[in-house]
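Visitor: Provided herewith is a single structure, encoded as structure tokens, for subsequent inquiry.
We did not get these values from a lab; they are worked out from the coordinates using the rules stated. Everything numeric in this text was worked out from a predicted model, so none of it was measured. Using ideal geometry, Cβ is built from the backbone for each residue, glycine included, and neighbour counts are taken over all protein chains shown.
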Amino acid sequence: MKTGTQATPHSFRPECALDYMPVQELRQVQLNRLRAVVQRAWDRVPLFRSRMNERGLLPEQIRSLSDAAKLPFTVKADLRDTYPFGLFAAPMREVVRLHASSGTTGKPIVVAYTQEDLEIWTSVMARALAACGVQEGDIVQNAFNYGLFTGGLGYHYGAERLGATVIPASGGNTERQIMIMRDFGPTVVFSTPTYFLHIVDRAEQLGVDLRELPVRIGFFGAEPWTDAMRSRIEQAAGIKAYDLYGLSEIIGPGVSVECPYQDGSHIFEDHFLAEIIDPETGQVLPEGEEGELVLTTLSKQAMPLIRYRTRDISALMPGTCACGRTIRRMRRVERRSDDMLIIRGVNVYPSQVEAVLLEFDGTQPHYQIILTREQDLDQMEVQVEVTQKIFSDKVAAMEVLQKKLSDAMRQVLQTRVQVTLVAPSTIQRSEGKAKRVIDRRKI
Ligand SMILES: [Zn+2]
């Protein structure tokens, strides 16, 4: 391990005091805030009020936290349908910031913050970063995009609040990122996991060994990632890699974060109410069961969201964490219900493909899934980059690897997969979230 300031699992940071609130007190705070936010949305957001009316439900009927299950869901389409400002619960003169998330189709969704909302956002980000040891004296390289996307500024203000030195590198320009890592000596990096892997690859090509640089921890988010991907990042860069979860609709990054135990992500429950539901029936599932994460903002003013369906697959973890935090943990999001592909009737997630690849030496976690339809049958091809060593080896080695991968994929995915090995650096790199699937199955 590298030297320097290190978070010991039990080190208490004043910024994190609210993470240790007695549970009963925390539930009372949640209930008070839930009732207030439901009232606010009822008073100010016509869509919410009409949905409550349809159910014959009044704000004062929310008397306990479990009554939240009676409230209507909010879905992404609601944000699109009311584009751009239809869900705002504050007049524009009170709104001091707008962000927008790029929609894959059509118009983006727009989110708003009052001064108070920004303060909450900064405070949860500061708590998240402090939980894993970021502090005054740290130099932070922020490779999340600055702009309409919430990643850049969300991380930026959280790190500044802790007194760290922030380098607003933003995403892209990989060689400059590496130059900054060498010359400015950041101790902390923020990035999407796929972009950071791209930085790792490029550094290797340039003969820069990230393990020899001062960087010791990284925060990764904005897309689902697996434990296998975490190991790859930690080994290649010689850092501890933490998941920091969030989404623009709720606040941006800062909904939950791992602690040094890396065993689930602590939700900032004083600001966000989490439920897990069965995505088919909408029923709330008991603690420990896997389902879709649903979040309610408990304190946001400009754009409160009630029971927002995130499409992220997770579970609320039972028991308490060894770090002593009382705020509950959610399992790290490795996949989204949106990501699910149906291939010949079988459900397949890109994260399953990634997990198989990371088990084999000689492959890179850079891949693309290409779906086509031939004679009414779905065909799935996975293009996988191999390492330079395998690529320049004998043809036989490639054939053996390809056969092994095809067999492993068929076992895990329960469907036939055509594996194609491609040369290093041929699959297009993303500077933000990776595009893993190309679906050409147009009927
Ligand atoms: Zn913990």
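Visitor: Express in whole angstrom the spacing between the alpha-carbon centres of segment 377-428 and segment 138-172.
Guide: 37 Å
Visitor: What is the spread of the Cα atoms of segment 340-439 along each of their three principal axes, largest first, in whole Å?
Guide: 37, 32, 24
Visitor: Still on this structure: If I model a spin label at A36 and R97 as a point 7 Å from the Cα along the Cα→Cβ vector, what separation in nanometres do I get?
Guide: 2.0 nm
Visitor: Something else now. Show me the GluC sites (Glu not before Pro) within segment 331-374 that DSSP assigns to loop and that have at most 15 other Cβ atoms within 10 Å of their Cβ.
Guide: E359
Visitor: If you take the beta carbon distance between V23 and T165 as r and set R0 to 45 Å, what does 1/(1 + (r/R0)^6) give as a FRET efficiency, to the nearest 0.05?
Guide: 0.80
Visitor: In the Gaussian network model of the chain, springs joining C-alpha atoms below 10 Å, which of S191, S66, S265 carries the largest mean-square fluctuation?
Guide: With Cα springs under 10 Å in the chain, the top fluctuation among S191, S66, S265 is at S66.
Visitor: Which pairs in the list K76/K403; K404/K435; K76/K404; K240/K300; K389/K435; K107/K300 are over 30 Å apart, alpha-carbon to alpha-carbon?
Guide: Checking Cα-Cα distances, K76/K403; K76/K404; K240/K300 exceed 30 Å.
Visitor: Please report, in debye to the nearest 20, how large the charge dipole of the chain is about its Cα centre when each Lys and Arg carries +1 at its beta carbon and each Asp and Glu carries -1 there.
Guide: So the dipole magnitude of the chain works out to roughly 620 debye.
Visitor: Each residue of segment 131-148 in order: what ³J(HN,Hα) in whole Hz does its phi give by Karplus 6.51 cos²θ - 1.76 cosθ + 1.60, θ = phi - 60°, with x for Gly and Pro?
Guide: 4, 10, x, 6, 7, 3, x, 6, 10, 10, 9, 9, 9, 7, 5, 8, x, 5
Visitor: Normalised by the residues of the chain, what does the relative contact order come to in percent, with Cα pairs under 8 Å and at least six apart?
Guide: 14 percent
Visitor: With an 8 Å Cα cut-off and a minimum separation of 6 or more residues, compute the relative contact order for segment 219-277 in percent.
Guide: Here the relative contact order equals 24 percent.
Visitor: For segment 340-439, give the share of DSSP beta bridges that are antiparallel, in percent and rounded to the nearest 5; count only bridges with both residues there.
Guide: DSSP beta bridges in segment 340-439 are roughly 60 percent antiparallel.
Visitor: Now a separate question. Cut-off 10 angstrom, C-alpha nodes, Gaussian network model of the chain. Which of L244, L213, L295 fluctuates the most?
Guide: L213
Visitor: Of all DSSP beta bridges located in the chain, what percent are antiparallel, nearest 5?
Guide: Approximately 65 percent, going by the DSSP bridge assignments.
Visitor: Then there is this: What length, rounded to one decimal in nm, is gained on full extension from R211 through to D81, with 0.36 nm per residue of separation minus their alpha-carbon distance?
Guide: Length gained between R211 and D81: 42.0 nm.
Visitor: May I ask you to derive the FRET efficiency for S337 and V400 from their Cβ-Cβ distance with R0 = 60 Å, giving the value to the nearest 0.05?
Guide: Using R0 = 60 Å, I get an efficiency of 0.95.
Visitor: Right, here's the next one. How long is the gain from K107 to V346 if the chain were fully straight, where each residue apart is worth 0.36 nm and the alpha carbon distance is subtracted?
Guide: Roughly 82.9 nm would be gained on extension.
Visitor: Please give the charge dipole size of segment 222-330, origin at the Cα centre, charges +1 on K and R Cβ atoms and -1 on D and E Cβ atoms. Round to the nearest 20 debye.
Guide: That gives segment 222-330 a dipole magnitude of about 360 debye.
Visitor: I'd like the FRET efficiency for E60 and K389, computed as 1/(1 + (r/R0)^6) with the beta carbon distance as r and R0 of 56 Å, rounded to 0.05.
Guide: 0.25
Visitor: Roughly how tilted is helix 23-44, in degrees to the nearest 10 and between 0 and 90, from the longest Cα axis of the chain?
Guide: So the inclination is approximately 80 degrees.
Visitor: So if I take the alpha carbon set of the chain, get Rg, then get Rh from the Kirkwood formula, what is the Rg over Rh ratio?
Guide: 0.97
Visitor: Which of V166, V284, V400 ends up with the largest GNM mean-square fluctuation for the chain, with Cα atoms connected below 10 Å?
Guide: V400
Visitor: What list of ³J(HN,Hα) couplings, whole Hz, do you get for segment 87-99 from phi and the Karplus terms 6.51, -1.76, 1.60, once you set θ to phi - 60° and write x for glycine and proline?
Guide: 9, 5, 10, 9, x, 4, 5, 8, 8, 10, 8, 10, 10
Visitor: Say the dipole of the chain comes from +1 at the beta carbon of Lys and Arg and -1 at that of Asp and Glu; which of L413, I327, N347 then lies farthest toward its positive end?
Guide: Value: N347.
Visitor: Let me ask something else. Can you grab the distance from the C-alpha centre of segment 9-57 to the C-alpha centre of segment 256-313, Å, no decimals?
Guide: Between the Cα centre of segment 9-57 and that of segment 256-313, the gap is 12 Å.
Visitor: With a cut-off of 8 Å between alpha carbons and a minimum separation of six or more residues, what is the relative contact order of segment 340-439 in percent?
Guide: 32 percent
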